[in-house]
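This report refers to the structure that appears directly beneath it.
A short reminder: the numbers here are calculations on the coordinates, not readings from a lab. Given the structure is predicted, the values throughout are model-derived calculations rather than measurements. Please note: Cβ atoms are built from the backbone with ideal geometry, for glycine as well, and neighbour counts cover all protein chains shown.
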Amino acid sequence: MVLASRIVCRLLSLALLFTTALGGILLFFVLPLNAQSTNASLTGRITDSSKGVVPNALIVAINTGTRVHYETVTNATGSYYVTDLPPGTYRIEVEKVGFKAVIKSDLVLHVQDALEINFEMVLGSASNATLSTLLVP
């Protein structure tokens, strides 16, 4: 009787181990399928004319088709990240007190684009915007 009880316990332990291992294998192969995105992202660095970083600059990505605004600010190293942008045509505006605003128009984003776009800001009034043309291959 004791021997039968030990065998049953051993079989249950092996079944639990097998089920756990199988579950882990299934998660390993299934999860990456959900990670694909249909959106795009922008990243870059904002510097001044002397190549110094510009922290706390406001970055606004405006979808020109829907007029939806996506905003972020640069971090301490002047870097910015804008994620989950639906495909479309965008206008990018960069503003910081004490600098002229920089505007890049007609930026076309496609599914899963991950573009790096850097900006250089010039000292001056924010009301004097610098318009940049952007050529993206």
Could you tell me the calculated FRET efficiency between L123 and T89, based on Cβ-Cβ distance and R0 = 41 angstrom, to the nearest 0.05? 0.85
Using 0.36 nm per residue, how much length does the chain from H110 to T43 gain when fully extended, once their Cα-Cα distance is taken away? 22.6 nm
Taking the Cβ of N39 as the center, what net charge do the other residues with Cβ under 11 Å away carry, scoring Lys and Arg +1 and Asp and Glu -1? -2
Among beta bridges that DSSP assigns inside the stretch 40-132, antiparallel share in %, nearest 5: 75 percent
Counting only other residues whose beta carbon sits under 15 Å from that of G88, what net charge do I get with K and R as +1, D and E as -1? 0
How much FRET efficiency would the formula 1/(1 + (r/R0)^6) give for V97 and Q36, where r is the Cβ-Cβ distance and R0 is 30 Å, rounded to 0.05? 0.15
Summed residue charge, Cβ within 13 Å of K51's Cβ, Lys/Arg positive, Asp/Glu negative: -1
